[in-house]
Amino acid sequence: MENSFILYSLLILFLPLLAFVIQIFFGKRLPREGDWVSIGAISITLILAITMFVKMLLVGDPEFKHEASIVWLDMGAFTISLGFLVDNITIIMLLIVALISTCTHIFSTEYLKGDIRYSRYFGYLGLFTFSMNGIVLANNLMSMYMFWELVGVSSYLLIGHWFEKDSAADASKKAFLTNRVGDIGFFIGIMLIYSAVGSFAFTDVFDGVASGMIAGTTLTFAGVGLFMGAMGKSSQFPLHIWLPDAMEGPTPVSALMHAATMVAAGVYLTVRIFPILTPDALLVVAYVGGFTALFAASIAITQTDIKKVLAYSTVSQLGYMILAVGTGVYTAAFFHLLTHAMFKANLFYGSGSVIHSMHHALHEKHDHETDPQDMHNMGGFKDKMPITYWSMLISTMAIAGVPLFSGFLSKDAILAGTLSFAQHHPEHLLLPLFGFGAALMTAFYMFRMIFLTFHGEPKMPELIDDIHESPKEMTGPIVLLGTLSVYIWYTLPNNLSPMSSYGWFNPKLDNHNFKGGLVHPIDSSVPGSISALEIAEHAHHAHHMAMYISIAVAAIGIFLSWFIYIKKGLSVNALAERAGFLYRWSFNKYYFDENYNKYLYQPTLRLADKVSWLDWELYDKYFINGFGRLTNWASKVTGKFDFDVIDQLLVDGTGKIANLIGRKFKGVQTGKLQNYVLYVAAGVIILMVIQSF
Amino acid sequence: MDYILSWLIWLPVIGMVAIAFIPRDKEVLIKQSAAVTTGLQFVLTLVLWNNFDSKDGSMQFKEWAEWIPSFNISYYLGVDGLSLPMVILTGMLFFIGVFVSWNIKKAVKGYFALFLLLNTGVMGVFLSLDFFLFYIFWEVMLLPMYFLIGMWGGPQREYAAIKFFLYTLFGSVLMLIGILGLYFSCGKTFDILELTRVAPEALSSIMWWGMSAIKVIWILLFIGFAIKVPVFPFHTWLPLAHVEAPTAVSVLLAGILLKLGVYGIIRVNYGLMPDGVYWFSYALAFLGLINVVWGGLCALAQKDLKKLVAYSSVNHMGYSLIGMAAVVAAGEAHGANLKAAQAGLGGAVFQMFNHGTISAMLFILVGVIYERAHHREIEGFGGLASQMPVYTGVTAVAFFAGLGLPGLSGFISEAMCFIGAFPVYKGIVIASTIGILLNAAYFLWAFQRIFFGELNEKYNDLPEINRLELFTVIPLLVVTLFLGIYPAPYLDIISSTMDTIIEHVVSMATYASM
Amino acid sequence: MAEMLFWLIAALTIASAAMVVLNNQLLYSAIALLFTLFGVAGLYIYLWADFIAGVQLLVYIGGINVLIIFGIMLTNRISSIRLSQTNVQQGVGGVVSFWLLILVSMVITKTPWYQTTSAEPSSTVREVGTLLMTKYILPFEAISLLLLGALIGAALLSREAS
Amino acid sequence: MDQLNNYLFISAILFSLGVFGVMTRRNGIAVLMGVELILNSANLNFVAFSRFGGMNLDGHIFGLIVIVLAAAEAAVALAIVINIYNNLNTINVDEASTMKE
């Protein structure tokens, strides 16, 4: 049993990588550019993931857990082991990744038909799936960090798929760099933990925290550091700027990575490390998440690009999950991650379907100016694209929190958590307000999107005849995921009530014990922190109240949307006029990009220029070369002395004297050998004569 | 296996002599001889690796012969886990370097003769265990380098060559003084192993000008080595020399010659002056931080691709310095944290090797594009990704290796340096993690400007990277990838030696107040 | 008998030496030199130096003298010019040489030379050979190198300028 | 005949004649012959001192080396003379004075 889980995990991890390698090296030469290789590989992982899921259900043990690891790097005392941690959360995540990835692969065959880098695109999808599975399976911080970065790279490559567009190239770079900012925190967190605990493995870290090897402020900082990684990946304020830009990538990619899986990795990380987060760290998490939820939703209200709306909605929903972790109900966060993956991926597929259709229609009209993603060019597509419409409507209701749909359950769980948290800590009343406010706005802008796109009169009537439903490869995943946005899948097999989130993914609290469900909260490892059980109990009590409020705000939001966009009871423009700077701020995303550019990027670049100038023009040219000049000057001085005094006066003087003498005695030098010999002999005689006296 | 080290050192000289006898117009034959010589040497390094006992942290394959007995100078060679990877890297890069310089047009004979002489010098430095011999080889490297830059370089080659020469000579002089200081204060011997045993004790009792001899000699030798590394503020020769040097020489300069500095510090400064390590470690880590940040910022500002890569070397060697400083973690003062010391020192040594392969790759790739476009202005390209997909792919991997992507070797060594140094230098390490971001920023920005966007009209007939060039890059790529996925073979080689060094530094330090 | 022969040889040597330096006919000088060398060889025999005498005959007479005659032949056009030459400064030269002789003779007669008697050896070849291979091996090698150098040098100097 | 001085006188006469020859002859080859006389006189002295100094064979070795040296000298000198002749068409040493100022 154990072996099969690890074996399956290995296969699930490496099959997409294999597909990646094949695609990169041989993709172009294979028939159909090899998309069947990728689809085949990913389908196998899906089957394996389903098998694992079923096996897990058969075991039915919330404490179910397998670990396997190998020593990867061994220096003697310093070792790094890489390994798998397979538990229920892992398996569910694997299933999500495999499912959405498979859908994306199939969807892409049609969406990217004829693209010049078709095979490479599929290769990158494989790389992404590999890395994402790596994050999910990691049993230690180090391998998580490594896959974390690899996910960043695959994101970089896929966002930059159409790199001829400057905006796409910019967006890919921005995504990577923004993520790196978060990763710095992640790495510092890892170092803090490692230097205290001496291991990267989660189990060791939890034990270490429980035994007080790392505690207090250090632990808080470590937790916040790790959370920074999550902020980057899950696009939390203030690192949220990259996700909307990432919509430059192909829409299926947005569905897979920037809605369902990759961005959820941050949430997954915080869920994994929940036991080591101190109350202070959790507060930071909660406030960041809550604020992001509200803040992103307020931007989504005014966006006109259909994908931008969805992007900000994703940021907002991720904020929700982070908020849930921060308030302690991390099972709810995970539950929302699951439901959100389904309906948000579906919404992206739907928007992809619409954009695809728009694109074709515009192409027919030879119109390359009009933006196919702008909702102001759509409208009235309901009858033209019924499958897309109905499926998207279901997902929209799910995200808006309408009962009978999956989002209602998970959102309710989160809101209940925040509410109970506020009941116990009244000073943090802001948190549920964030939550409910965001819920209201979500309902509003999502239905605004539906109404603008599918209802009303076509804004470009000349196009409407060319708008068609997308082919089966695209509608298939849409229908599937639309189906999965209905509540019933998530409450099986334990209850059928659409009002109770108790089910597979959310345990029932019965007499201070968790019953059923696959994911049970683990108590915090931090000594003295409140236990997960207590939090869950509180949330349980707040459940009903949260449910009523959330139904109410959803209803208000939908009504407002209907009133403004269908009934036209209020003029949009007048409203925008009235809102004044609020509207402008929201529409311009609070000028974040502009301000970052002005106060962060440009100063950094200027600093770099200054430093480089300092280094090259000043330090090198004047200081270093100054030594050269100094030496040069000194050598000139000594050279002058050398020539004038030593050479000219002393040396040449000697020479001149010798010359003078030489000229005087020149006559002796006859050049005749005989004379010389004579001189020699005479000299000898003279010497002998002198000697003899 | 007898005399294998001597073979390694003198084989290039044999090749050089052979080349001297080939008529200068038989260029292909000259190139082939150089390739055969370096290839043979590379194979020998692999044989050496195969016969190396990685469990043994001491010197192996020792060769000793009397040379100048009156000054106690001998011909003494040996290899351990610190030098073996560098020896292999040297063999590999010189072999590749021959193919990188395959298209040299000017004075082929002289070029390859000098190239092989340089090879001897480098190999000699890594293998000599006699300080005098070490110094001789150190100087032997200098001369061919001067001519290689000065004659085959770019437009400013003479200025660059002179600057390189004087800069390094300055360091060598200081080093010579340091060596002589050691010689006269430690029982008149040049034997490094003997000095390693004797010097820590002998030096600690000597004072010069009111300063401990350890400090004086440490500083002298450190500056000598720091210029090679290069450590800020001794780094400005590097961008110039790199930019002006021909591609193969840049490759060797970045790939091997910079490593000599780090190698020297670990072999000599660490071995001979453990007390100095404690005294200087904070400064070392701090210099590493400056290298990381300064090099990163300078790289970000560069307009010339080769200069960017050159500054990235400054940046990357900073990680090595930070990691090296971590060795003190194993001392009592820092809680005998052997894990950190191993991670740090191992990371530093690993980083040496990785930077060797990665920067070599980067310089080769810059050379490829320069040969085609005849300029290196980053802004001057654009959209090459669609024109040269293979080149783009290879460059992408090289750049990602440079920015420390997991799965490629650079990441592991950087991470090890950080993790090792963290317990001792928390502030410095946290500050230098900004380097992770800067790395990514300058590499990705350059990548975007060169490869992304619309294709620059000028370059729509730029030829794809050819087989010869691929042949030079692919082995490095494979090594980078392999060590990134599975670093164990490398760490096996070094780990016993690292333990020996750490043990030595910790146990030999007298902790005398200096 | 031996006494008389000795003086005869001495006289021959000195007379022919005088011919060498005084005769205007170059070729005659060379022939006279031949006799001088013979005479010296004979004196060597009286000095019990049989090996040296042999070498004198072989090298001087067989080698050097022949070489000199070759030189004379090569540097004079036999057909056109008489093989003669003129002398210079014979007067002052003669005086100086004479005084030199007088002074040297004075030195010879005045100096109390160290002398011992010893038995006549049967042959010196073995001893000289042994000495050459043992005590004087280095000079021996050096002189052979010198010879080689002279050989190459002579060949180089006298080759046709190309 | 077994008087040292006899030999020395013979040697001295040979030497004087040799010096005279070197001083007075113009022809290069003739000068060379004078030099040979000088060398022979020296050799005679060596061997004579050897004979009357206890039959120490060192003198013989000296003589031997001088002979070899003479051979080398003669070879080189003649080569030079021939060279001079080729260049200047004379072998009179006082005419070969182009080195003179």
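Just need the relative contact order of the stretch A:278-587 here, percent rounded to a whole number, with Cα pairs under 8 Å and 6+ apart. The partial results should precede the final answer.
Working: 547 pairs, mean separation 74.4, N = 310.
Once divided by the residue count of the stretch A:278-587, the mean separation gives 24 percent.
Return the average number of partner chain Cβ atoms within 10 angstrom of each residue Cβ along peptide B:422-434.
Counting other chains' Cβ atoms within 10 Å and averaging over B:422-434 gives 3.
Which lysines, if any, have their Cα less than 18 Å from the Cα of A:LYS55, not counting same-chain residues under 8 positions apart?
List returned: A:LYS65.
Need one number: nm distance between label points at A:TRP633 and B:GLU201, each 7 Å from Cα along Cα→Cβ, rounded to one decimal.
5.0
Among B:LYS55/B:LYS215; A:LYS113/A:LYS308; A:LYS384/A:LYS459; A:LYS459/A:LYS567; A:LYS173/A:LYS598; B:LYS228/B:LYS307, which pairs are too far apart, with a Cα-Cα distance over 22 Å?
Checking Cα-Cα distances, B:LYS55/B:LYS215; A:LYS113/A:LYS308 exceed 22 Å.
With +1 on the Cβ of every Lys and Arg and -1 on the Cβ of every Asp and Glu, and nothing else charged, how large is the dipole of the protein assembly as shown about its Cα centre, in debye rounded to the nearest 20? Each step should come with its number before you reach the end.
Working: 79 positive and 93 negative charges, 556 e Å.
So the magnitude is around 2680 debye.
With helices defined as uninterrupted DSSP H runs, which ones in chain B have an alpha carbon span along their own long axis of at least 27 Å and mean Kyte-Doolittle hydropathy of at least 0.0?
For chain B, where a helix must reach 27 Å along its axis and average at least 0.0, the hits are B:27-51, B:108-127, B:131-152, B:157-185, B:274-301, B:305-325, B:338-373, B:488-508.
How crowded by other chains is A:184-192, given as the mean number of beta carbons from other chains within 10 Å of each beta carbon?
Values: counts 6, 1, 1, 9, 6, 0, 4, 11, 4.
Per residue, the number of nearby Cβ atoms from other chains is 5 on average.
May I ask you to sort A:ARG663, D:ARG51 by Cβ crowding, counting other Cβ atoms within 10 Å and putting the fewest first?
Lowest count first: A:ARG663, D:ARG51.
Using the per-residue mean of other Cβ atoms lying within 10 Å as a proxy for protection, in what order, highest first, do the peptides B:175-182, B:111-118, B:48-55 fall?
Packing order, densest peptide first, comes out as B:111-118, B:175-182, B:48-55.
Would you mind ranking A:SER195, B:SER250 so that the residue whose beta carbon has the fewest other beta carbons within 10 Å leads the list? All intermediate terms of the calculation are to be shown ahead of the outcome.
On the way: A:SER195 23, B:SER250 29.
With the sparsest Cβ surroundings first, the list reads A:SER195, B:SER250.
Once the Cα atoms of the stretch A:128-277 are picked out, what are the Rg and Dmax in Å?
Values for the stretch A:128-277 (Cα only, Rg and Dmax): 15.7, 54 Å.
Assuming R0 = 45 Å, what is the FRET efficiency of B:GLU371 and A:PHE14, from their Cβ-Cβ distance, to the nearest 0.05?
Efficiency for this residue pair is about 0.70.
To make sure I understand the rule: partners must be lysines, Cα under 17 Å from the Cα of A:LYS656, and not fewer than 8 residues away in the same chain. Which ones qualify?
A:LYS664, A:LYS666
Within chain B, what's the longest stretch lacking GluC sites (Glu not before Pro) that sit in DSSP loops with no more than 16 other Cβ atoms inside 10 Å?
Excluding the exposed sites themselves, the longest stretch runs over B:1-453.
Please give the helix A:532-565 orientation as an angle from the longest Cα principal axis of chain A, in degrees from 0 to 90, rounded to the nearest 10.
For A:532-565 against chain A, the angle is about 80 degrees.
Cross-link candidates for A:LYS365: which aspartates and glutamates have Cα within less than 19 Å, leaving aside residues fewer than 8 places away along the same chain?
A:ASP374, A:GLU462, A:ASP465, A:ASP466, A:GLU469
Share of Cα-Cα pairs in the protein assembly as shown beyond 67 Å, in percent?
On the way: 366261 of 1079715 pairs.
Summing the P(r) tail past 67 Å for the protein assembly as shown gives 34 percent.
Sorted from largest down, what three extents in whole angstroms do the Cα atoms of chain A have along their principal axes?
Extents along the principal axes, in whole Å: 147, 67, 56.
What translational D, rounded to a whole number of µm²/s, comes out for the stretch A:278-587 from Stokes-Einstein when the hydrodynamic radius is the Kirkwood one over Cα pairs, at 37 °C and 0.692 mPa s?
On the way: Rh = 20.0 Å.
Using the Kirkwood radius from Cα pairs, D works out to 164 µm²/s.
Looking only at other chains, what is the average number of their beta-carbon atoms within 10 angstrom of each beta-carbon in A:230-238?
Per-residue shielding by partner chains comes out at 0.
Ranking B:ASP492, A:ASP465 by Cβ neighbours within 10 Å, fewest first, what do you get?
Ascending number of Cβ neighbours within 10 Å: A:ASP465, B:ASP492.
Please determine, in degrees from 0 to 90 and to the nearest 10, the orientation of helix A:2-26 with respect to the longest principal axis defined by the Cα atoms of chain A, where the helix direction is its Cα long axis.
That works out to roughly 60 degrees.
Per residue of the stretch A:142-158, in order, report the coupling 6.51 cos²θ - 1.76 cosθ + 1.60 (Karplus, θ = phi - 60°) as ³J(HN,Hα) in whole Hz, putting x for Gly and Pro.
5, 5, 5, 4, 5, 5, 4, 5, 5, 4, x, 5, 5, 4, 4, 5, 7
So if we plug the beta-carbon distance of A:GLU537 and B:ALA107 into 1/(1 + (r/R0)^6) with R0 = 56 Å, what FRET efficiency do we get, rounded to 0.05?
In this case the efficiency is close to 0.10.
On C-alpha positions alone, give me the angle between the axis of helix A:406-424 and the longest principal axis of chain A, in degrees, nearest 10.
80
Using +1 at the C-beta of Lys and Arg and -1 at the C-beta of Asp and Glu, which of A:ALA658, A:ALA341, A:THR418 has the Cα lying farthest in the positive direction of the dipole of the protein assembly as shown?
The one lying farthest along the dipole's positive direction is A:ALA658.
Starting from 0.36 nm per residue, how many nanometres of slack lie between A:ASP74 and A:ASP61 once their C-alpha separation is accounted for?
Fully extending the segment from A:ASP74 to A:ASP61 adds 1.2 nm.
With the cut-off at 16 Å, report for chain D the share of all Cα pairs above it, as a whole percent.
Every Cα pair in chain D considered, those over 16 Å come to 64 percent.
Considering amide H positions built from the backbone, and no H for Pro or chain starts, which residues 5 or more places from B:PHE232, or on another chain, come under 5 Å of its amide H?
B:ASN291
Please state, as a whole number in µm²/s, the translational diffusion coefficient that the Stokes-Einstein equation yields for the stretch A:365-486 at 37 °C and 0.692 mPa s, with Rh defined as the Kirkwood radius across alpha carbon pairs.
Using the Kirkwood radius from Cα pairs, D works out to 199 µm²/s.
For chain A, what's the relative contact order in percent, using C-alpha pairs closer than 8 Å and at least 6 residues apart?
On the way: 1114 pairs, mean separation 78.3, N = 693.
Normalised by residue count, the contact order of chain A is 11 percent.
Kirkwood hydrodynamic radius, chain C, all distinct C-alpha pairs: what's the number in Å?
Values: mean 1/r = 0.0512 Å⁻¹.
This gives a value of 19.5 Å.
Using only the Cα atoms of the stretch A:594-692, what do you get for the radius of gyration and for Dmax, in Å?
For the stretch A:594-692, the Cα-based Rg and Dmax read 35.2, 113 Å.
Kirkwood Rh and Cα-based Rg: tell me the resulting Rg over Rh for the stretch A:1-51, rounded to two decimals.
1.09
Only the coordinates and a few stated rules stand behind these numbers; no lab work does. Here the structure is a predicted model, which means the values were calculated and not measured. All Cβ positions, even for glycine, are placed from backbone atoms using ideal geometry, and neighbour counts span all protein chains on display.
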